[in-house]
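Everything on this sheet refers to the single structure shown next.
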Amino acid sequence: MAAVPTFVAALIILGLGWITVALRFYTRIFARQGLKWDDWLLLLGAITGTTVLALTVSADSIPTHQAAVVAPDGNDTTQIFDPNYIETPEDIFYLKINLVTAVIYYTINASVKLSILYMYYRIFHAKSSLRYQLFVTAGLVIGWWIGTTVAQTVNCIPISKYWTSNILDPKYCFNLNTFFVVGGSIEVFLDVLILTLPTRAVLALQLSWRRKAIISGIFLLGSFVIATGLVRVIVGYAPGSQRPSSSAELWTVVHSGVGVICASLPIFNPLLQRTLKSSLVTNTINFFSGSSSDQEEMMRRERSEQTIIPLETMTDTAHSAQDNIEQSPRVPEPTYNSQGEKVALLALRNEEVYWRVTR
């Protein structure tokens, strides 16, 4: 059976990921924004993540020679190449599932990265310079996804050697440990690039520094993904080995799940606003603050002090208010440095990244 900490962490992260995806879809529907490609790409990441977990549990449920076994000295016994060992049907099943899950991993993270990039595009598409940067970054992500997927698939030639011959045999398989470090390092670089893309555009907007900091901070929530990616590479590297350390399994699960969660956080503000304004939350706050009875007494006094106003008086008051409105100076329309800035501000408001993005 898989290591208990890894299995528990996978269930927790996967559960939180599905909760955030469900809340994301609910928020889109509640805000009447409609579902876009970034939502569906994130859903793809959650589905593939669930698939990987199910396959891993299925494969690790059968004890095999190839499954990670820790020796008394703390070393992973599967790091040792045994040319005389003949794989059993259970070993072959385990290795096939292991290959499939390793390939799907890149689809999970590529879909999350593309989801974030498309969200950026929806907000900043009118800014030509940033739009081109988004296209280039998306191309790099797609190239990374294709390259790592193909390399992981054909890491043994022929592919059948992955499960019919010892996976550590250097005659048929390249060094998976080196591939793990290189692929993971490129992924961390892509994460840093993606998270810093909108910062310059936000700083150029006509907003107060406080609001710029808030919006930039919301975009930079994905820094947790960078941290887990770095830990995954550092922990997974096994010097002198043909394959990465089995300790990377836990951080691989955490890294994928955190990516799904962080990609949804920026759009939850309207849901949070609605929750805070709900009667249940308000009554709970009033109950613990002891202000419920005071507010009810104040409302009763206000109703008792109300008087009936004659219709003529109401009409005169309405006409007077209308005259004041007509005589009052018009509030000038906000000015923007460019059409791209105007579109970005309106898109930020529409995306609910910051509920009241005004001057």
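Taking every residue in the range 180-192 that is assigned to a helix (DSSP H, G or I) and pairing it with any residue that is among the aromatic types (Phe, Trp, Tyr), at least 6 positions away or on another chain, the pairs with Cβ-Cβ distances below 7 Å are Val181/Tyr237; Ile186/Trp144; Glu187/Trp144; Leu190/Trp144.
Looking across the range 136-166, the residues that are among the aromatic types (Phe, Trp, Tyr) and at pLDDT 90 or above come down to Trp144, Trp145. Restrict the check to the range 184-203 and report whether at least one residue is more than 25 Å from Ser111 (Cα to Cα) and surrounded by fewer than 18 Cβ atoms within 10 Å (Cβ to Cβ). Yes - at least one qualifying residue is present in the range 184-203.
Does Leu41 satisfy being of a type in the set (A, V, I, L, M) and at pLDDT below 85? For Leu41, the condition - of a type in the set (A, V, I, L, M) and at pLDDT below 85 - is not met. Taking the range 147-173 as the range and being part of a loop (DSSP other than H, G, I, E, B) and not polar (S, T, N, Q) as the test, the residues that pass are Val154, Ile157, Pro158, Ile159, Ile167, Leu168, Asp169, Pro170, Lys171, Tyr172. Of all residues in the range 106-138, those being of a type in the set (A, V, I, L, M, F, W, C), over 14 Å from the mean Cα position of the chain (by Cα) and within 22 Å of Thr148 (Cα to Cα) number 4.
Evaluated against (1) modelled with pLDDT of 60 or more; (2) assigned to a helix (DSSP H, G or I); (3) under 35 Å from the mean Cα position of the chain (by Cα), Thr78 falls short on exactly one condition, (1).
One line per residue, one yes/no per condition, for (1) under 29 Å from Asn98 (Cβ atoms); (2) modelled with pLDDT of 50 or more; (3) surrounded by fewer than 17 Cβ atoms within 10 Å (Cβ to Cβ):
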site	(1), (2), (3)
Arg210	no, yes, yes
Val225	yes, yes, no
Gly259	yes, yes, no
Met298	no, no, yes
Glu305	no, no, yes
Ala318	no, no, yes
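A Cβ distance below 8 Å, combined with a sequence gap of six or more or placement on separate chains, defines the contacts here; from the range 84-99, residues that are β-branched (Val, Ile, Thr) reach residues that are assigned to a loop (DSSP other than H, G, I, E, B) and modelled with pLDDT under 80 in the pairs Thr88/Thr64; Thr88/His65.
In the range 22-50, of all residues being charged (D, E, K, R) and assigned to a helix (DSSP H, G or I), the one that is farthest from Ala263 (Cα to Cα) corresponds to Arg28. Does Trp144 qualify as being among the aromatic types (Phe, Trp, Tyr), under 30 Å from Arg243 (Cα atoms), in a helix (DSSP H, G or I) and free of Cβ contacts under 8 Å to residues at least 60 places away in the same chain? The answer is yes for Trp144. Would you pick out the residues in the range 238-255 that are modelled with pLDDT of 85 or more and either more than 20 Å from Leu55 (Cα to Cα) or polar (S, T, N, Q) (or both)? None - no residue of the range 238-255 is modelled with pLDDT of 85 or more and either more than 20 Å from Leu55 (Cα to Cα) or polar (S, T, N, Q) (or both), so the list stays empty.
The values are calculated or read from the model by the stated rules, or taken from the named source; none is laboratory data. What you see is a predicted model, and the numbers here were worked out from it, not measured in a lab. Positions of Cβ are generated from backbone atoms using ideal geometry, with glycine treated the same way; all protein chains shown enter the neighbour counts.
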